[in-house]
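Encoded as structure tokens, the structure appears first; notes follow it.
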Amino acid sequence: MRRFFWIAICLLGSSLSLFPGVATHAAAFTVDTTADAPDQSPGDGLCSTAASECSLRAAVQESNALPGSDTIVLPPGTYALTISGFGEDASATGDLDLIGDVTLRGTHPSRPVIDANHIDSGLDIKPGVTVVIDFLIVDNGGRALSADSSGIKNQGNLTLRNSIVRGSIAPALPGGRGGGIFNSGVASIEFSEVSGNQAVEGAGIYNSGVMTVAASTVSGNTSTGFFGGGGVYNGGSLELARSTVSGNSATRPTGGSSWGGGIMNLPISGTSPTLTITNSTISGNSVDSGDGGGIANIGTTIIPAGFIPAYLTITGSTVASNTAAHSGGGIYAEGSET
């Protein structure tokens, strides 16, 4: 009787399930194909497509359906999203919707590529979800004529490490925010690069939530709208530390003016944005028809809230070699607190 009791306790305390098909612990999946195919039966604990392979989409669907914080490992290669269709949130078509806690991990030193193929966003992180992305490249996110797509769209809690977000677009009017990364949740970007993205506002990064960027680079991004923010558009809380914002531009091809070739700090709603820059470099950014080549820090009046200031603090940093068509090649401040 004692032996039976001891075995039962060991089984219940282990990571094994006593009930087939019911997961009782976090799962780990290793993707073994670059093909884009759905999982046969999400929630059965098996990452398996109709071809009996574990695709990235199948692993995400399986992780979404299981409890716990899971891990998906991607070997070197390019994982192109090819199943068209948007507007659903189960990863069956279009982007990869992350609705459960998960870590997406690539390999060092070769970073696997998630190529969204401009059919939708690359990754869409839903509210309340914690996601870690490590050693990956997210490429070609966003689709033409859509304001609601980016390389990475985060409404949850995102940590991006040792990764690159590039070549993504958010081109549509009105909207078109956050070509590389759109953040309305909490995000931490570390040892990463956001480059070569395009949007109407906030081509590299659009932040209306809480974000920290550390030891990272935001470069070569282009905004095309009135409010600008070639590298970064901040309307929330942003801390930039030991990082570089360079070679970004804000353009206005249809006339008028634009601001913030490198960074635009401007209220989005009824709250004041806060931007803190420490031990960083803002250089080589430009505005072709407006103000604030490096940084534009602008308070504004929002009805019915009234005047909303924008707050900017810069410590131990370099702002150099930025250009603007009008005022403030380095920093332009209007109705703001610096």
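Here are the numbers for the structure shown:
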| item | result |
| --- | --- |
| Rounded, prolate or oblate (a/c below 1.5 giving rounded, otherwise prolate when a/b exceeds b/c) for region 187-307 by Cα gyration tensor | oblate |
| Cα Rg, Dmax, region 108-233, angstrom units | 12.6, 40 |
| Rounded tilt (10° steps) of 56-65 against the dominant C-alpha axis of the chain | 70 |
| Gyration tensor (Cα) of region 170-217, equivalent ellipsoid semi-axes in angstrom | 20, 13, 5 |
| Dipole magnitude (debye, nearest 20) for the chain, charges at Cβ of Lys, Arg, Asp, Glu | 540 |
| Expected-Rg normalisation [2.2 N^0.38 Å, Cα atoms] applied to the chain | 1.09 |
| Integer Hz, Karplus 6.51/-1.76/1.60 couplings in order for region 221-233, x for Gly and Pro | 9, 9, 9, 10, x, 4, 8, x, x, x, x, 9, 10 |
| Overall form of region 176-248 per C-alpha gyration tensor (a/c, 1.5; a/b vs b/c) | oblate |
| Solvent-accessible area of ARG252 with every protein chain in place, 1.4 Å probe, in Å² to the nearest 10 | 60 |
| ³J(HN,Hα), Karplus 6.51/-1.76/1.60, whole Hz, each residue of region 118-125, x for Gly, Pro | 6, 9, 4, 4, x, 10, 10, 9 |
| LEU312 accessible area, assembled protein chains, probe 1.4 Å, Å² | 10 |
| Whole-Å distance, taken between Cα centres, linking region 120-195 and region 78-97 | 14 |
| With Cα atoms, 0 to 90° folded angle of helix 2-13 axis to the chain main axis | 30 |
| Positive-end residue, region 61-162 charge dipole about Cα centroid, Cβ charges, pick of VAL73, PRO127, GLY87 | VAL73 |
| Interchain or long-range residues, amide H under 5 Å from THR278's placed H | LEU240, ALA241, ARG242, THR315 |
| Cα gyration tensor shape of region 43-136, rounded if a/c is under 1.5, else prolate or oblate by comparing a/b with b/c | rounded |
| Placed amide H near SER146: partners under 5 Å, 5+ positions off or other chain | ALA172 |
| Accessible-area ranking of HIS326, HIS118, HIS108, largest first, probe 1.4 Å | HIS108, HIS326, HIS118 |
| Under the Karplus curve 6.51 cos²θ - 1.76 cosθ + 1.60, θ = phi - 60°, whole-Hz ³J(HN,Hα) for region 89-95, x wherever Gly or Pro sits | 10, 10, 6, 6, 9, x, 6 |
| Positive-end residue, the chain charge dipole about Cα centroid, Cβ charges, pick of VAL138, CYS54, SER321 | SER321 |
| Protein accessible area in region 72-170, 1.4 Å probe - carbon and sulfur % | 53 |
| Cα-Cα P(r), region 144-192, percent of pairs per 5 Å interval | 6, 23, 27, 24, 13, 7, 1 |
| Other-chain or far-sequence residues with amide H under 5 Å of ILE263's (modelled H) | GLY231, VAL232, ILE295, ALA296 |
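The values are calculated or read from the model by the stated rules, or taken from the named source; none is laboratory data. Computed from a prediction, not measured in an experiment: that's the story for all the values here. So basically every Cβ, Gly included, is an ideal-geometry build from the backbone, and we count neighbours across all protein chains shown. The accessibility values were calculated without ligands, DNA or RNA, using every heavy atom of the protein model including side chains. Shrake-Rupley method; radii C 1.70, N 1.55, O 1.52, S 1.80 Å.
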